[in-house]
Amino acid sequence: MRRIRDMPKIQPSEFAARLGSLQRIIAREGLDIFIVSCKDSIYYLTGAGYEPLERPFFMIVKPNGAPVLIAPMLDKAHMEKGANITAENTVSYWEYPAPAGRGWPEILRQQVERYTAIGVEPGLTMEVHEEIRILKPKTAPLIEELRLIKSSAEIAMIRRASDYADRAMSRMLNAAYYGSLAVEGFAETSKVTREMIRDVSDYDPVNSSVLMAPWAAPRSAQPHSIPAFSDPLKEGPHVALVLTRVNGYSAEVERTFFTAVPDSWSVAAFKAMQEARRRMFAMIRPGQSCHDIDASVNRFLAEEGFSGDEVRLHRTGHGFGLGAHEAPWIAEGSTHVLAKNMVISNEPGIYRSGVGGVRHSDTVLVTDDGYECLTRSPDSLDALTFASKPGFVQKFRSKLVRKALNI
């Protein structure tokens, strides 16, 4: 595969525009400063990748002027490569923990204690909050507001992540057959990662990843459980999940599939899930209430006999961007309203304990008057039923994987 050099990326002008938009919101909210502390938020404003571990990072943003970055001495030099960061406005602390006077609490208080109207992100840790509690900071999701609507460059990057998600799904489904193990699908992860590294000339290993695995029935009835590598794919509905992140931007595709002829409950649940997705797709357009989408899907599935918390387990969808789960939330109780260039998932689920779960998920772009599905993996019952015996290639691959992992 050829190496693609003309890849989408966020330009310095866009990072500058993001900072300007945040500063205008800070002024609108009547704040003197806003403390940015979440990793994805700092990445959103700077494009500087880092791994905080136990050492906190902060950007102190005022309604005008250059922001101040507070970072560990260990990271100071490489963080200065980021947009909206200058050496003159970077302050470092020694370590975590540090001798008195050289730690992040003292540096942070020095930077903010002279201000009265201070805003902080909802994800601020209690450890940090305790250090500035006396200043009575106001929690405000200002950057979440900015991240709701994607730029053309962000959409191009999510589109790229969606392409890798589809590639990964194809590999995982091709590895599935009656009696195969969950680990055989998971083993395809390295191949997709290698494709990313080959294709993406500016590949960022800190902000790129591939998570892919099948949840074999009946474990598929627990979508947030951890699949066991030794789980066999036999009867019942299995759910294959792929979550890709390429240079910061995420996409997801999930498919329910079968390695044996599905039983009557699985067929009925699959058809209801597909119709629920069709109804949600028909509602996706600018101005649509996220609460109303989820409520409509829930009513339909209840009418079909699929209701109750243990049967449904979760909302109908969520947003994508730098996060694999971010606003807008497609859920009853949500106040979000869809707008052009939001990116969301469509994933109503149906679950039956001891049997399995039925759920497809796609990454979906809200357009001028509707939607575009960015992931395009097969979704029909026929295309996702693999009831025939494994072929030579599948059996050979299986032997290699099991031998390598001593299974």
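The values are calculated or read from the model by the stated rules, or taken from the named source; none is laboratory data. Bear in mind that the values here come from a model prediction, so they are computed numbers and not experimental data. Reconstructed Cβ throughout: ideal geometry from the backbone, glycine too, with neighbour counts over all protein chains shown.
A few remarks follow.
- Candidates Phe270, Phe281 - the one that is surrounded by fewer than 20 Cβ atoms within 10 Å (Cβ to Cβ), aromatic (Phe, Trp, Tyr) and within 26 Å of the chain's Cα centre (by Cα): Phe281
- Subset of segment 120-178 (residues that are of a type in the set (D, E, K, R), in contact with a strand residue (DSSP E or B) (Cβ under 7 Å, 6 or more places away or on another chain) and buried (at least 16 other Cβ atoms within 10 Å of the Cβ)): Glu121, Glu144, Arg147, Lys150, Glu154, Arg160, Asp166
- Strands (runs of 3 or more DSSP E) wholly inside segment 337-382 containing at least 1 residues that are modelled with pLDDT of 95 or more, small (Gly, Ala, Ser) and crowded, with 20+ Cβ neighbours inside 10 Å: 343-346, 349-352, 356-359
- Search result, residues across segment 253-311 that are under 20 Å from Ala327 (Cβ atoms), out of contact with any helix residue (DSSP H, G or I) (no Cβ under 9 Å at 6 or more places or on another chain) and aliphatic (A, V, I, L, M): Ala295
- Residues being touching an Asp or Glu at 6+ places or on another chain (Cβ under 7 Å) and of a type in the set (Asp, Glu) - total across segment 225-284: 1
- Here Tyr164 fits the description: out of contact with any Leu (no Cβ under 8 Å at 6 or more places or on another chain), aromatic (Phe, Trp, Tyr) and touching a residue at least 60 places away in the same chain (Cβ under 8 Å).
- Long-range neighbours under 7 Å by Cβ, at least six apart or interchain, first residue farther than 20 Å from Ile226 by Cβ within segment 180-206, second of a type in the set (Asp, Glu): Val206/Glu51
- Selected residue (only one of Tyr50, Tyr44 is modelled with pLDDT under 95, surrounded by 17 or more Cβ atoms within 10 Å (Cβ to Cβ) and either touching a Lys or Arg at 6+ places or on another chain (Cβ under 8 Å) or not aromatic (Phe, Trp, Tyr) (or both)): Tyr50
- Residues that are surrounded by 15 or more Cβ atoms within 10 Å (Cβ to Cβ) and among the small types (Gly, Ala, Ser) were ranked within segment 296-317; the one that is nearest to Val343 (Cα to Cα) is Gly317.
- Checked against the criteria, Gly20 counts as closer than 20 Å to Thr86 by Cβ, outside the structural domain of Phe320 (by TED's automatic domain parsing) and not in a loop (DSSP other than H, G, I, E, B).
- If the condition is being under 18 Å from Val61 (Cβ atoms) and hydrophobic (A, V, I, L, M, F, W, C), then segment 95-139 contributes Trp104, Ile107, Leu108, Val112, Ala117, Ile118, Val120, Leu124, Val128, Ile132, Leu135.
- Ser225 surrounded by fewer than 24 Cβ atoms within 10 Å (Cβ to Cβ), free of Cβ contacts under 8 Å to residues at least 40 places away in the same chain, of a type in the set (Gly, Ala, Ser) and farther than 17 Å from Arg312 by Cβ: no
- Between Ala87, Ala66, the distinction of being closer than 27 Å to Gln11 by Cβ, surrounded by fewer than 16 Cβ atoms within 10 Å (Cβ to Cβ) and at pLDDT 95 or above belongs to Ala66 only.
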